[in-house]
1. Quick check: Cα centre of region 188-260 to Cα centre of region 76-142, how many Å?
2. Rounded to the nearest angstrom and ordered from largest down, what semi-axes does the equivalent ellipsoid of region 105-211 get from its C-alpha gyration tensor (root of 5λ)?
3. So what's the net charge close to R140: Lys and Arg +1, Asp and Glu -1, counting the other residues with Cβ under 14 Å from its Cβ?
4. In nm, give the distance between the simple-model label positions of N206 and Q133, each being 7 Å from the Cα along the Cα-to-Cβ direction.
5. Please give the net charge around E186, taking every other residue with its beta carbon less than 9 angstrom from that of E186, where Lys and Arg add +1 and Asp and Glu add -1.
6. What does the charge add up to near E114, with Lys and Arg as +1, Asp and Glu as -1, over the other residues with Cβ less than 14 Å from its Cβ?
7. What residues have an amide H closer than 5 Å to that of V183, excluding those fewer than 5 places away on the same chain, when H is modeled at 1.01 Å from N in the peptide plane?
8. Can you give the FRET efficiency to the nearest 0.05 for Q143 and E186, using r as the Cβ-Cβ distance and R₀ = 25 Å?
Amino acid sequence: MKRSTVLAAIVLWVAVGWATAHQITMVGQAPPYMLAAEQTNKTLDIYFLDMVGGASTLIVTPLGESVLIDTGSLEPAHRDADRIIKACGYAGLKHIDYLVTTHFHSDHFGAILEVSERIPIKCFMDKGALPPQHEQENERFKQLYPLYLQATNADIKTVRARDDIPLRNDPTGRIPKVSLHCVAAEKQVEGFDGNVDAPRKGIQPNTFAALKSLPSLEAIYQIHYNTQYGAQGNTADEFIANRWDPKKGELIKVSVDPAGGVFAVSIGVTGPKKEFHIQ
């Protein structure tokens, strides 16, 4: 198989990379509810969850350590918390080591209290700053932020651009080192001086066309079909997790096998896997 690139059409404010110069991590699939620490294939698993416009991503390292990035929305009641807890079950987790809140939009931190009540969280992290004043005056923020403080007990560690989340790694060195590195927070972007304003979120047709023109790109995965741009803003139907049923709530799983030099992507934890060589 030729060397390839796969893009999941989901943007995170953190970057995951192998210290051995691999830049993404994913393969091997444990049966549902098998303890992550008991997995023998020692893969790095990433679950991109369907928060219907919001975001939540679960990362489980080869040593079974876990990071949950964002928690989706409070409403509809239980929907996003249920999907997060279900993914934790697939990963065999009994607790979450780090819960990172990227920012305080209602569809990124709304379900944090319910999630924290349903599975223990060892460490809460955020960017260490409240949103602009006009956002703090929003009724949704006024409703949700007290729930955030209740969930975290106001015990929150700050993660800034250029910071690493302190993950454990194999002291013998047999398993390649995994690092989780924050590249942007509070308008600070690693590699740039001064404040950097983020571009408009969402993929534009010209951006999508540029991505598809990359010679090494073999697949683009999406959680949902982009109704705004049609064929100009979407990948092939087979790579869209919830193409025909937007309410299904299907996830995308990526598993990296550093020993085998491949990563696998599947829609759902038991769906067919496509394997790609790690670049």
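1. Using only Cα atoms to place each centre, the spacing works out to 22 Å.
2. They are 26, 25, 15 Å, listed from largest to smallest.
3. Around R140, the charge tally is -4.
4. 3.6 nm
5. +3
6. Value of the local net charge: -1.
7. Sorted by chain and number, the residues that satisfy this are A15, R162.
8. 0.60
Values in this text are rule-based calculations from the coordinates and carry no lab data. For clarity, every value in this text was computed on a predicted model and none was experimentally measured. In this analysis, Cβ positions are derived from the backbone assuming ideal geometry, glycine residues included, and neighbour counts consider all displayed protein chains.
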